[in-house]
Every structure is written in C-alpha cells, then in structure tokens.
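Worksheet for the structure shown next.
The values are calculated or read from the model by the stated rules, or taken from the named source; none is laboratory data. As the structure is a computational prediction, the values presented were derived from the model and not from experiment. Here Cβ is always computed from backbone atoms with ideal geometry, including for glycine, and neighbour counts include all displayed protein chains. Protein only, heavy atoms only, side chains kept; ligands, DNA and RNA dropped before computing areas. Shrake-Rupley method; radii C 1.70, N 1.55, O 1.52, S 1.80 Å.
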Amino acid sequence: MPALENIMWALFGLASALFLGIYDIFKKQSVNDNAVMPVLFFSTVASSLLFTPFIVISFKSPELLTNTGLYVPKLTAAEHLQVLLKSAIVVSSWVLAFFALKHLPITIVAPIRATGPLWTLIGALIIFHERLNVYQWIGIAITLLFFYLFSTAGKLEGINFKRNKWIYFIVAGTLLGACSGLYDKFILQRIDRVAVQAWFSVYQVVILLPFVLLNEKIRKRKNIHFQWRWTIPLIGLFLVIADYLYFYALSNEDALISVISALRRGSVLVAFVVGGVLFKEQNLKKKGAYLVGILTGILLITLGTVL
C-alpha cells in the first residue's frame, strides 16, 4: 500500500465532494422562487471578496503569506488569459445549471450534473492518456451506470427528458463543467493553484457583471422578484473551500483527473440526503436504492486508488 502522501489527492477529492454537496443545497435554497442571475452574481462576489485581500497582500507584502498556502504569485499576461478562459467556461456552465436548478428537483439535477465524469473520463483518456486499474474501471462503470438510472427517475415525476428545456440546460452545463475539469488539469500543471483560484474568483465577477446588468432590465420587465437570502453568500464560501481542496488534489503530479472528477461527484450523496429531506422531494426510496450503487462505485474507485 502506498504511503499516505501518495493518496492525499484522492482524500482531498473526497473532501471537496462534501463541501460541493453542501454548496448545491445552498444553491437550491437560494434560487427557489427567486431571480437567478442576481443570486449567481452576489454569490460570485462573495467568492471574490474572500480572495481579494490575499491578492492585495501578496502584491504589497508577499512575506506575510509565504508558506501559508494563501500566497498568490504574480501571473504573466498569457497566464491571466488562460485563467480568464477558465472563468468564461465555468460561468457559462453555472448560468445553465442555476436556471435548471430553479426549475427542476435537486434530486434530479444533482445526479445529471454528476454524469460529468463520463465526459471527463473520455477526454482524459484521449488527451492525457491516463491509465486506470481494474478497480477504478469497475468503480467508474458502476458509478456512471447508477448516475444514468438516477437521471431517468425524473420520468416518475412527470419530467419529460426530451421536451423539458431545463433538462437540456443541465446537460449542456454538465458538458461545459467536464470541459472545465479537463482544462483545470492542463493549467494547474503550469500555473500556481492558488493564483488560479484567486484570479478566477475575480474574473468570474467581471464576466458576469454585464450579463447581470442586461438581465436586470429583462427581470424588471417580466416582474421577476429578487429576494436576498443568507444562503447566497454561503454559496460562494462553500464553493471556495470545495475548489481549494479540488485544486490542491489536481496540482499533485500523480493525480488522475478522471478519478478526482468521479470522486468529486460524490457530492450527489449530500445533495440527495439533505435536499430530499429539506425540499420534501418525491421518489426518495427509488432514488435511495440508486444511491447504494453510486456509493459502491465511489468506494471501488477509492479502493483502486490506494491499492
């Protein structure tokens, strides 16, 4: 069995899943019967405010943050453009996902969102030539199978997957999320992970601002109300924690993006358990049975990582 430091990236991937699951709950609580774009914008502002002080201190007095894990090194113009591209991909994914989450049950959205590892796996095998062991292949296959079964559960709730536009929104958002995961693997081997996360938090606000201002005119014309909720800034906080753990895992040279992506999607467990109870959603027994399969797959993936 390899030393603990050789599997820390997998453990950080699992920890990221926990915080990501809570993040999904806060998203659903925030967008229910609420205007979507203001929720998305103010949650990203909260993320940006968390990192802005570290960017300033790193520039003014770098010695204060050296060796703390929060130092933000300077980036070249080319590196800033790479982070800006990541921000554009992620923001596009978020916009689609937030609108879908408002109109669909969280116990449907979360599992569909969790099919991201399928597309990430295909990309990782083609682009990064990753090689998985037997346990990991079986674990990923089982996990993705039950993710698919989970997604079909919507038929029991009157959701027509072929005609419901919000299903297309979440599928498109998931594909963009998978693209972001592959791109993360690329840039995090070249750019400091803290710098990526810090500047990403700033650029997402810059990208969103013009769209939010445009949406405000549409929102007022359609009389769509926005209500401030305490869960909105918590979206940003828990995303920052989840991404910090995720970027740390990916920055390890031994990390496999396909495995980390599958582990991270274990957040569906948190979204199901808490979301199902909190929002009183339907067909929990059937979905709960599918969760057993998901958990089995995740355990096999983890087992394959440590063997």
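Can ASN215 be described as polar (S, T, N, Q), assigned to a loop (DSSP other than H, G, I, E, B) and modelled with pLDDT under 90? So ASN215 fails the test. If you go through the range 90-131 and keep only what is at pLDDT 75 or above and assigned to a loop (DSSP other than H, G, I, E, B), you end up with LEU104, PRO105. Of all residues in the range 31-76, exactly one satisfies the criterion of being among the hydroxyl-bearing types (Ser, Thr, Tyr), farther than 30 Å from ILE106 by Cα and open to solvent by less than 30 Å² (accessible area, probe 1.4 Å), namely SER58. Scanning the range 253-270 for residues that are open to solvent by less than 40 Å² (accessible area, probe 1.4 Å) and over 12 Å from the mean Cα position of the chain (by Cα) returns ALA255, LEU256, ILE257, SER258, VAL259, VAL270.
Modelled with pLDDT of 75 or more and within 17 Å of ALA110 (Cβ to Cβ), is that true of VAL273? In short, yes. If you check PHE161, PHE186, PHE146, PHE169 for being assigned to a loop (DSSP other than H, G, I, E, B), open to solvent by 40 Å² or more (accessible area, probe 1.4 Å) and aromatic (Phe, Trp, Tyr), only one passes: PHE161. Selection of the range 77-118 for residues being polar (S, T, N, Q) and surrounded by 20 or more Cβ atoms within 10 Å (Cβ to Cβ) yields SER87, SER93, THR107, THR115.
Test ARG264 against the criterion of being among the basic types (Lys, Arg), under 27 Å from ILE108 (Cα atoms) and in contact with a Ser or Thr (Cβ under 7 Å, 6 or more places away or on another chain), and give yes or no. Reasoning before the result, please.
On the way: among the basic types (Lys, Arg): yes; under 27 Å from ILE108 (Cα atoms): yes; in contact with a Ser or Thr (Cβ under 7 Å, 6 or more places away or on another chain): yes.
Judged against the criteria, ARG264 is a match.
So which residues in the range 213-252 are farther than 17 Å from SER43 by Cα, hydroxyl-bearing (Ser, Thr, Tyr) and surrounded by fewer than 20 Cβ atoms within 10 Å (Cβ to Cβ)? Result: SER251, single match.
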